[in-house]
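Novice: Dropping a structure here in structure tokens format, bear with me for questions.
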Amino acid sequence: MTKIAKNTICLWYDDNAEEAAKFYAKTFPDSFVSAVHRAPGDYPSGQEGDVLTVEFTVLGVACLGLNGGPAFKHNEAFSFQISTEDQNETDRYWNAIVGHGGQESDCGWCKDKWGISWQITPIALTKAFTSPDRAAAKRAFDAMMTMKKIDVAAIEAAFRG
């Protein structure tokens with residue numbers, strides 16, 4: 001029997017939880033698919049033997065993908081926030097998500113092809129926002145407000161003034 005985490009993020013998919021989990025596992029370190037469970041009987045959006053749930057981990061966070069059907073859609077009220085070390089890591093994750101059927105949004109947000117929102121957030125941006133120098137923080141914030149994917153060099157330049 002699989003060890004069950006005390007707290008697991010459950011994400012509702014329309015019959016493609018396994019595909020999403022495999023994509024996350026190949027895209028992010030410390031990410032993997034740990035189990036695929038098939039329905040023991042028919043259910044409203046599927047049949048006995050269909051993939052019902054998928055246990056997976058994204059960057060060390062336990063998740064469960066539920067193939068619940070088309071009744072509920074994802075929105076920005078839930079997102080994964082991924083802290084990145086530098087522009088290369090920012091580009092790698094952003095390009096993987098957007099380039100695999102996802103879409104760009106503003107201020108470092110993007111959405112994967114399954115509708116899950118991601119904040120690809122360079123550490124330089126977080127440090128700028130939390131700086132005690134509020135004028136510098138505002139300059140970095142104002143620069144971010146003009147971006148889709150975060151440009152680390154532009155954030156650092158705005159912070160410096």
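Novice: Once each part is reduced to its C-alpha centroid, what is the distance from the range 1-71 to the range 107-161 in angstrom?
Specialist: First find each Cα centre; the distance between them is then 31 Å.
Novice: Let me ask another. Rounded to whole Hz and in sequence order, give me ³J(HN,Hα) for the range 31-38 from the Karplus expression 6.51 cos²θ - 1.76 cosθ + 1.60, θ = phi - 60°, writing x for Gly and Pro.
Specialist: Karplus-based 3J(HN,Hα) across the range 31-38 equals 10, 6, 9, 9, 6, 10, 10, 9 Hz.
Novice: Nearest 0.05, what FRET efficiency do Lys113 and Asp50 give at R0 = 25 Å with Cβ-Cβ as r?
Specialist: On the way: r = 20 Å, r/R0 = 0.81.
The computed FRET efficiency comes out at 0.80.
Novice: In sequence order, what are the phi-derived ³J(HN,Hα) couplings for the range 66-83 according to the Karplus relation 6.51 cos²θ - 1.76 cosθ + 1.60 with θ = phi - 60°, rounded to whole Hz, with x for glycine and proline?
Specialist: Listing the rounded values in order: 10, 7, x, x, x, 5, 10, 10, 6, 8, 6, 5, 10, 8, 8, 9, 10, 7 Hz.
Novice: For the chain, what's the relative contact order in percent, using C-alpha pairs closer than 8 Å and at least 6 residues apart? Can you show the working numbers first?
Specialist: Values: 311 pairs, mean separation 29.0, N = 161.
Across the chain, relative contact order equals 18 percent.
Novice: Can you tell me what the convex hull of the Cα atoms of the range 101-150 projects to on average, as an area in nm²? Don't skip to the end; give the middle numbers.
Specialist: Working: hull surface 13.3 nm².
With every direction weighted equally, the projected area is 3.3 nm².
Novice: So what is the relative contact order for the range 1-77, in percent, with contacts set as C-alpha pairs under 8 Å and at least six apart?
Specialist: 38 percent
Novice: Okay, next question. Relative to the longest principal axis of the chain, what angle (0 to 90°, nearest 10) does the C-alpha long axis of helix 17-27 take?
Specialist: 40 degrees
Novice: Between 0 and 90 degrees, rounded to the nearest ten: what's the tilt of helix 87-99 against the longest Cα principal axis of the chain?
Specialist: Approximately 40 degrees, to the nearest 10.
Novice: Taking one equal scatterer on every alpha-carbon of the range 59-112, how large is log10 of I(q)/I(0) by Debye at q = 0.20, 0.24 1/Å?
Specialist: Evaluating at q = 0.20, 0.24 Å⁻¹ gives log10 I(q)/I(0) of -0.91, -1.18.
Novice: Assigning unit charges at the beta carbon (Lys, Arg +1; Asp, Glu -1) and nothing else, what dipole magnitude in debye, to the nearest 20, does the range 11-149 show about its Cα centre? Could the numbers behind the result be given before it?
Specialist: Numbers: 13 positive and 19 negative charges, 114 e Å.
Approximately 540 debye in magnitude.
Novice: Let me ask something else about it. Using the crude model of +1 on Lys and Arg Cβ and -1 on Asp and Glu Cβ, and no other charge, please compute the dipole size for the range 31-93 relative to its Cα centre, in debye to 20.
Specialist: Working: 3 positive and 9 negative charges, 41 e Å.
Once rounded to the nearest 20, the dipole reads 200 debye.
Novice: Run the simple label-point estimate for Glu156 and Phe32 please: 7 Å along Cα→C-beta, distance reported in nm.
Specialist: Between Glu156 and Phe32, the label points sit 3.5 nm apart.
Novice: Tally the DSSP beta bridges in the chain and give the antiparallel ones as a percent, rounded to 5. Walk me through the intermediate numbers first.
Specialist: Details: 18 of 29 bridges.
DSSP beta bridges in the chain are roughly 60 percent antiparallel.
Novice: Which entries of Lys127/Lys149; Lys111/Lys138; Lys73/Lys113; Lys26/Lys127 show an alpha-carbon separation above 23 angstrom in the structure shown? The partial results should precede the final answer.
Specialist: On the way: Lys127/Lys149 17 Å; Lys111/Lys138 26 Å; Lys73/Lys113 12 Å; Lys26/Lys127 28 Å.
Going by Cα-Cα distance, Lys111/Lys138; Lys26/Lys127 fall outside the 23 Å limit.
Novice: While we're looking at this one, here's another question. Work out how much length Glu76 to Asp142 would gain on full extension: take 0.36 nm times their residue separation and subtract the Cα-Cα distance, in nm to one decimal. Please report the intermediate quantities before stating the final value.
Specialist: Details: separation 66, 0.36 × 66 = 23.76 nm, distance 2.12 nm.
Length difference between fully extended and current span is 21.6 nm.
Novice: Applying 1/(1 + (r/R0)^6) with R0 = 22 Å to the Cβ-Cβ distance of Arg92 and Glu19, what FRET efficiency is obtained, to the nearest 0.05?
Specialist: Details: r = 20 Å, r/R0 = 0.92.
Given R0 = 22 Å and the Cβ-Cβ separation, E is 0.60.
Novice: Given a Förster distance of 22 angstrom, what is the FRET efficiency for Glu104 paired with Lys127, based on the Cβ-Cβ distance and rounded to 0.05?
Specialist: Given R0 = 22 Å and the Cβ-Cβ separation, E is 0.40.
Novice: Now a separate question. Find out how many positive minus negative residues lie around His37, taking Lys and Arg as positive, Asp and Glu as negative, among other residues whose Cβ is under 12 Å from that of His37. Could you put the intermediate results ahead of the total?
Specialist: Numbers: positive: Arg38; negative: Glu18, Asp50, Glu55.
In short, -2.
Novice: Kindly provide log₁₀ I(q)/I(0) values, in the same order as q = 0.12, 0.13 Å⁻¹, from the Debye equation applied to equal alpha-carbon scatterers of the chain.
Specialist: Values returned for q = 0.12, 0.13 Å⁻¹ are -0.59, -0.67.
Since every read-out is calculated from the coordinates, none of them should be taken as a lab result. The structure presented is a predicted model; accordingly, all values stated were derived computationally and were not measured. Neighbour counts run over all protein chains shown; Cβ positions are idealised from the backbone, glycine included.
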